[in-house]
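Each remark here refers to the structure printed beneath this line.
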Amino acid sequence: MNFKHLHYFWVAAKAGGIVRAGEQLHTTPQTLSGQIKLLESSLGLQLFRKAGRQLELTDDGRLALSYAEQIFALGAEMESALRQEQGKQSVLEFRVGVADSVAKSVVYRLLEPAMSMSQPVRLICSEGKFPDLLAQLGLNRIDLVMAEEPLTNRFNIKAFNHPLGSTPMSFFCTPALGATLKGTFPKCLDAAPMLIMGVSASIHKPLEGWFAKHQIRPRVIGEFDDGTLMKTFGREGRGVFMSASVLEAETIAQYGVEVIGRTEEIMEYFYAVSVERRITHPCVAAITESARRQFLTH
């Protein structure tokens, strides 16, 4: 069996299609499809069948995928073990994917234990959308994904969640804007100019639900995928914004704002996602153990 062909089949099955798999493998759909057909020919079996415009696995394809999962999981385990063994005499490489909605200050707090290990660590940190990072994790191109949401069965990847902690939320604005707000918190937010995270952020829906519960109708003047950009607008007095209570001191110092209220009805959660159920990578172990000892609740 040609294991390159098997790898192409495995990626296509996990990605849910030839086009998406081709993007991940940086190859054309025609080339990828041809490689999979060669695998089917060598096995004498059909692994995919058409379902409308989509492809779905046949029964033989599902059986082949289960074996491929074990083969490539074992290969990743071997790679990790060899990398760790090499790291005992040299620098340990730690590849982390960070969902772009996670506050960078939180990322530093969570990753800092890995950088404080006795063994030298080389951190390779990349940022992106959660689904894209999970695809990289599934291909063993990164060791860990950090995000504000857990892995669910809507993602076709075998990986495991490791809860890291949570924090309540605080509301901030400039002193000048705060002086114009009427009433006490949270009613002072009614009709107030508001800056919020975009719909892709895990905190977006809880915030909307909280507004509805308290019958608050703010004047939303901006939605942002980037929390730092949202806070920059807040620093200029454009609106009230919400951020993690655990970061209150640095938010006040960095953006010249003040806290106008807090709530524990909205919580922001942080997760590490890895292909390991039983954590063996030293950096991942350091992060999760530190998070358990120093839970991020404010």
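The values are calculated or read from the model by the stated rules, or taken from the named source; none is laboratory data. Since the model is a prediction, treat every value here as computed from it, not as a measurement. Note that each Cβ is placed from the backbone with ideal geometry, even for glycine, and that neighbours are counted across all protein chains shown.
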*Return yes when ALA272 is under 26 Å from ILE157 (Cβ atoms), among the small types (Gly, Ala, Ser) and outside any helix (DSSP H, G or I) and no when it is not.*
yes
*Only one residue in SER105, SER101 is touching a residue at least 40 places away in the same chain (Cβ under 8 Å), among the polar types (S, T, N, Q) and part of a helix (DSSP H, G or I). Which one?*
SER105
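Tell me the residue from PHE48, PHE72 that is out of contact with any strand residue (DSSP E or B) (no Cβ under 7 Å at 6 or more places or on another chain), over 29 Å from TYR269 (Cβ atoms) and aromatic (Phe, Trp, Tyr), please.
Just one listed residue meets the conditions, PHE72.
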*Just for region 248-262: of the residues that are surrounded by fewer than 21 Cβ atoms within 10 Å (Cβ to Cβ) and touching a helix residue (DSSP H, G or I) at 6+ places or on another chain (Cβ under 7 Å), which one is farthest from MET117 (Cα to Cα)?*
ILE260
*Can you tell me which residue within region 266-298, out of those that are of a type in the set (Asp, Glu) and more than 22 Å from ALA135 (Cα to Cα), is modelled with the highest pLDDT?*
GLU268
*From the list LEU123, LEU111, LEU164, which residue is out of contact with any Ser or Thr (no Cβ under 9 Å at 6 or more places or on another chain), part of a strand (DSSP E or B) and touching a residue at least 24 places away in the same chain (Cβ under 8 Å)?*
LEU123
*Go through (1) in contact with a Lys or Arg (Cβ under 8 Å, 6 or more places away or on another chain); (2) not assigned by TED's automatic domain parsing to the domain that holds VAL275 one by one and return the number of the condition ARG20 breaks.*
(1)
*Counting just the residues of region 203-228 that are assigned to a helix (DSSP H, G or I) and in contact (Cβ under 8 Å) with a residue 40 or more places away in the chain, which one comes out nearest to the chain's Cα centre (by Cα)?*
GLY227
